[in-house]
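The values are calculated or read from the model by the stated rules, or taken from the named source; none is laboratory data. Nothing here was measured: the structure is a model prediction, and the numbers come from that model. Backbone-built Cβ (ideal geometry, glycine too); neighbour counts: all protein chains shown. Surface areas here come from the heavy atoms of the whole protein model, side chains and all, with no ligands, DNA or RNA. Shrake-Rupley method; radii C 1.70, N 1.55, O 1.52, S 1.80 Å.
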Amino acid sequence: MAAIVARLFAARSGARMLYRAPAMSTAAAASRHFTSIKPIYTADATTTGGRNGRAVSSDKVLDVKLTLPKELGGPGEAGKTNPEQLFAAGYSACFQGAMGLAASRLKINLPEANTVRAVVHIGKDSTGGLGLSVELHVSAPSLDREATQKVVDLAHTICPYSRATKGNIEVKLSVV
C-alpha cells in the first residue's frame, strides 16, 4: 500500500520516485494521513558524497561540507556538519517562528530574547533500523512558565516541522 501511495504522490506532483517506502500493513497504511499543499516557497538543495560529502542549495547561499559523526562510525571531521545538525537548526528556527504566530493568536507578548534549542538524536529503533527523536527546549525570559507553555503547545500544532514529524518520531517539548 505504501508503494502505491508513493507512486500516486510522485504521479500527482511530477516528482520522480527515488525512494520506495518499506511495506506497510493495510491497517497502518489506512491510518496514515497525507496533507497536500500548494507550495508558497520551495527550498532546493543537492548533496554529493552522502554523509561525507557536500550539500549546496540551488541559490548557493547554503554550501556545507558534511561528515559522518564518529558515534556513527565516521571521521567526524572538524569544521563539517551533519544532517542531524542541519535538521536541528531548521526545526528550531521554524518552531521559533511558529511561537511568534502562536503568541500573536493567544495575545501574549513573546519576548524577543526567546530561544529554541533543538536536540536531535539518531539511534536504533525497535526494528533495528535507525530513527530520530527530538527535544525542543524553549526559553522565554520575562514570560511566566504557564504562558510560555501555552505558546509552546500551540506552536507545536502550527510548526510545519512539528506537523511533519507528528506520529513519525518522538518530539519532547520543555520550557526552561
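Going by the structure shown, is A3 modelled with pLDDT under 55, open to solvent by less than 100 Å² (accessible area, probe 1.4 Å) and touching a Lys or Arg at 6+ places or on another chain (Cβ under 8 Å)?
Numbers: modelled with pLDDT under 55: yes; open to solvent by less than 100 Å² (accessible area, probe 1.4 Å): yes; touching a Lys or Arg at 6+ places or on another chain (Cβ under 8 Å): yes.
When the stated conditions are applied, A3 passes them.
Within the group A21, A28, which residue is of a type outside the set (D, E, K, R) and at pLDDT 50 or above?
Details: A21 fails: at pLDDT 50 or above.
Result: A28 is the single residue among A21, A28 that is of a type outside the set (D, E, K, R) and at pLDDT 50 or above.
Among the strands (runs of 3 or more DSSP E) lying completely within the range 66-176, list those that include at least 2 residues that are modelled with pLDDT of 95 or more and open to solvent by less than 30 Å² (accessible area, probe 1.4 Å). Before the answer, list the steps.
Details: elements: 115-124, 130-139, 170-175.
Where strands (runs of 3 or more DSSP E) fall fully within the range 66-176 and carry at least 2 residues being modelled with pLDDT of 95 or more and open to solvent by less than 30 Å² (accessible area, probe 1.4 Å), they are 115-124, 130-139.
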